[in-house]
Amino acid sequence: MKRYGTVIRLRPERREEYLALHAAVWPSVEATLRSTGIRNYTIFLHDDLLFGYYEYHGDDFAADQARIAADPETRRWWALTDPCQERLPDAPPGAQWSPATEVWHLPDEPTSGHRTEEP
């Protein structure tokens, strides 16, 4: 499993539209995400920034992302959601969301090598 974080700006004038869409995400879009190994997908909102987090449980991330992008229902969903968003300047070519770098993670259980005392 690999964790992913992504960021994008929410257009303030489209905020209510975006929130309404995500209050009732289409089951077919959710099914496509699940079928490509996406789990625990969460989108957080802070002011005008959206932060997405998901876990990928698969063997070929690029191929699974291509399957998502090729899905007709997902493409219809994006036609509604993409205009609500504004890409950040560092978004990769062809990507809507910018990748975020993981800087820390609390594992479920302590692992060897972790300090047990504060400095």
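Throughout, read-outs are computed from the coordinates displayed, never taken from laboratory work. Since this is a predicted model, take the numbers as computed values, not measurements. Neighbour counts run over all protein chains shown; Cβ positions are idealised from the backbone, glycine included.
Observations
- Contact annotation: residue pairs with Cβ atoms under 8 Å, 6 or more positions apart or on different chains, pairing a residue in region 50-62 that is under 15 Å from Arg34 (Cβ atoms) and touching a residue at least 24 places away in the same chain (Cβ under 8 Å) with a partner that is surrounded by 15 or more Cβ atoms within 10 Å (Cβ to Cβ) and small (Gly, Ala, Ser), are Tyr56/Gly37; His57/Gly37.
- Close pairs from region 23-37: first surrounded by 13 or more Cβ atoms within 10 Å (Cβ to Cβ), partner of a type in the set (A, V, I, L, M), Cβ under 7 Å, at least 6 apart: Thr32/Ile68; Leu33/Ile68; Thr36/Ile68
- Residue tally, condition out of contact with any Gly (no Cβ under 8 Å at 6 or more places or on another chain), surrounded by 12 or more Cβ atoms within 10 Å (Cβ to Cβ) and over 17 Å from Pro12 (Cβ atoms), over region 39-59: 3
- Summed over region 12-36, the residues that are farther than 20 Å from Ala66 by Cα, part of a helix (DSSP H, G or I) and over 14 Å from the mean Cα position of the chain (by Cα) give a count of 10.
- Screening the candidates Asp71, Asp90 for the property of being out of contact with any Phe, Trp or Tyr (no Cβ under 6 Å at 6 or more places or on another chain) and surrounded by 13 or more Cβ atoms within 10 Å (Cβ to Cβ) yields one hit, Asp71.
- In region 1-12, the residues that are basic (Lys, Arg) reach residues that are not in a strand (DSSP E or B) with C-beta atoms within less than 6 angstrom, at least six apart or across chains, in these pairs: Arg9/Asp48; Arg11/Cys84.
- Looking at Arg3, Arg39, Arg9, just one residue is part of a strand (DSSP E or B), more than 19 Å from Ala91 (Cα to Cα) and not small (Gly, Ala, Ser), and that residue is Arg39.
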